[in-house]
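Quick notes on the structure that follows.
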């Protein structure tokens, strides 16, 4: 059996892909950027179909979420409920992902 000894230098530990991916993001300091992208892609799920249809652009810069809306009444409503929207995002993605939201 020693004839086929593993000399690849890899560890024989088996880890779930999710854990390995999390470690990789942490090692390269990409976790925050990855979570920001997840928030952008999940905007429709978080806020619902009505808000998603009236959203024209979403960007994140310096942990601030910029949301451009097509409806002035919806913009006003979301501005009044900004803390609730931040709580929904924090509940799903963690507290440090998005610190503020700006509705444009």
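What the table shows:
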item	result
Residue match in region 17-33 (condition: under 18 Å from the mean Cα position of the chain (by Cα), part of a helix (DSSP H, G or I), under 21 Å from residue 100 (Cβ atoms) and modelled with pLDDT of 90 or more)	no
Of all residues in region 49-58 being over 23 Å from residue 96 (Cα atoms) and either in contact with a strand residue (DSSP E or B) (Cβ under 9 Å, 6 or more places away or on another chain) or in contact (Cβ under 8 Å) with a residue 40 or more places away in the chain (or both), the one that is surrounded by the fewest Cβ atoms within 10 Å (Cβ to Cβ)	56
Close pairs (9 angstrom Cβ cut-off, 6 or more residues apart or separate chains): in contact (Cβ under 8 Å) with a residue 60 or more places away in the chain in region 22-33, surrounded by 12 or more Cβ atoms within 10 Å (Cβ to Cβ) and not in a helix (DSSP H, G or I) anywhere	32/63; 32/97
Test: residue in region 70-88 that is in a loop (DSSP other than H, G, I, E, B), at pLDDT below 90 and touching a helix residue (DSSP H, G or I) at 6+ places or on another chain (Cβ under 9 Å)	no
Number of the condition not met by residue 56 [criteria: (1) at pLDDT below 95; (2) in a strand (DSSP E or B); (3) under 16 Å from the mean Cα position of the chain (by Cα)]	(3)
Identity of the residue in region 75-85, out of contact with any strand residue (DSSP E or B) (no Cβ under 9 Å at 6 or more places or on another chain) and farther than 26 Å from residue 33 by Cβ, that ends up surrounded by the fewest Cβ atoms within 10 Å (Cβ to Cβ)	80
Test: residue in region 37-50 that is part of a loop (DSSP other than H, G, I, E, B), more than 16 Å from the chain's Cα centre (by Cα) and modelled with pLDDT of 80 or more	yes
Residues being within 17 Å of residue 48 (Cα to Cα) and in contact (Cβ under 8 Å) with a residue 40 or more places away in the chain - total across region 64-104	4
Residue count, region 37-60 (criterion: out of contact with any helix residue (DSSP H, G or I) (no Cβ under 9 Å at 6 or more places or on another chain) and under 20 Å from residue 87 (Cα atoms))	5
Qualifying positions in region 59-70 - surrounded by 15 or more Cβ atoms within 10 Å (Cβ to Cβ) and farther than 19 Å from residue 30 by Cβ	67, 69
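The values are calculated or read from the model by the stated rules, or taken from the named source; none is laboratory data. On a predicted model such as this, the values are computed, not experimentally measured, just so you know. When we count neighbours, we look across all protein chains shown, and the Cβ atoms used for this are built from the backbone with ideal geometry, even at glycine.
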